[in-house]
Amino acid sequence: MIEIHEDSLRFSFPSIAAEVEGLLNAHVTAILPSFFAEDREKVIEEFLSARRAFGSSPDYQEKVRSVVCALSNEDIEKQLRKCVLRETESYGYNKAGRVEIEFQRTLRIPDDGRTHYLPPGLGRFPLRHVDDFADGVPKKWLERGGVVMPMYQAEALWLNFRGGYPFAIKIAAGKINAVSGEPWKEGLNRKPQDYVVTPGQRWLDGFAVEKGVIRQFVAMPLGAGYSVEEQLSGKAEFGGVQLQAIPMKARKYFESKLRPRLPKRMADILDDLIPIRRREHGICYSMSMACEKAEMGLGAGGRMRQQIFEDPYAPEDWDMEQSSRCFVHLCDALLWREITGENPPQTPVTAREYEKAGLPWFDYYRDDLAVLEGSKTLAGVKSVNTISLAKGDKALKGNESVEIPSVISCSPKKQTVKEWAGE
């Protein structure tokens, strides 16, 4: 099932969610007797030992004792199920068998030969159902279904993947795979890999041209020769963006992701029943972060630092019988009102304007995951700027280089501590 949810594409697989729920219920039923049989004095000792910093007060120790000793079997089961549910649901996009894909507006980075850091997200593009505008869109859009999204000429975008459930996601521009550079193929292919894996892959900003380097997705009119589709297929046939989401098998997810995090002893489920006052450590910030001439395709923009990670799972871990596919039609933003009756988004912010505001760029790097080498086919594609210069049509305005005042690292923190090798 595919829905538009707050201008994001939400891919949901209710049968996966139901199977995960069944596995969780079976797990709770299997471990409940061991929880009932635990010695309450040992439970109290274990709980206090794990919270030694809070357990020195006699009043607190007495509170723990009174709560634990008063628990009935029904109380234990209720609390266990509550803790298990918490591990599988937080935000809506974190539910089992669900992933959301946002299309983020962003700066078009200069195509100046440099490899740039990640630009910011500047808000989601609006998404609308194609079927709602049957009188204003090309007939072939209606045949393919999906959604429509406005972009200005030479505007850039990036894809943001949200959700904790593992998915293999295929992305193509005009039926040209953005990871492998090959024409769209059915299934998940590993030689070369033609998909990304979430949640490890947080973003995709463009076409994979080298190891650790992409060329930014940039919208251009379909049929003008700029799109990657036209360069590699020789046709201006599809345009837009094609997406396919394949979920991990429910049992694999349960065994590898959920089971290790689930409560194992009664002491693991008592936190809600015996709250403690915790120190405040300050605020945590996170990135979120009408007619035929309306059609747009994606060309190759400037170079950007971005890793695309290898699939760490086995081929049989993916549920190929449960996949969803969606076509995202790109519409010229200047014709958005004619098609939908809505005002188009504001014109894009330029990299120069962003530089003048002194705002930061971002970096994301991981050395714990294998990285794809990039596509030799995509590496040979001409950028929008290269084609524009050859044509002399000045289709890419505002391509001046900019200075980057600061870079914020969004890379995961190292968890291990270097051991002392001295005497």
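Here are the numbers:
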item	result
Residue exposure sequence - C410, C83, C331 - by fewest surrounding Cβ within 10 Å	C410, C83, C331
Proximal charge balance of P348 [Cβ under 10 Å; K/R count +1, D/E count -1]	0
Exposure proxy order (Cβ contacts within 10 Å, fewest to most) of T198, T115	T115, T198
R108 long-range amide H proximity, modeled H, under 5 Å	A156, A351
Efficiency of FRET from Cβ geometry, E310 and K376, R₀ 25 Å, rounded to 0.05	0.90
Sequence of E45, E355 once ranked by neighbouring C-beta atoms within 10 Å, starting from the fewest	E45, E355
Label-to-label distance, nm, for residues given as L359 and D317 (7 Å Cα→Cβ offset)	3.7 nm
Förster radius 56 Å - calculated FRET efficiency between C69 and E3 (Cβ-Cβ, nearest 0.05)	0.70
Efficiency of FRET from Cβ geometry, K394 and L85, R₀ 51 Å, rounded to 0.05	0.35
For peptides 31-41, 342-352, sequence by mean Cβ density within 10 Å, most packed first	342-352, 31-41
Of K170/K257; K170/K264; K211/K249, pairs whose Cα-Cα distance is over 31 Å	K170/K264
In nm, spacing of pseudo-spin labels at D59 and R261 (7 Å Cα→C-beta vector)	3.5 nm
Length-normalised contact order for the stretch 2-91 - Cα pairs under 8 Å, 6+ apart - percent	24 percent
S49-C410 pseudo-label distance in nm [points 7 Å out on the Cα-to-Cβ vector]	4.2 nm
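Throughout, read-outs are computed from the coordinates displayed, never taken from laboratory work. Not measured: the values here are computed from a predicted model. Virtual Cβ from ideal backbone geometry, glycine too; neighbours counted across all protein chains shown.
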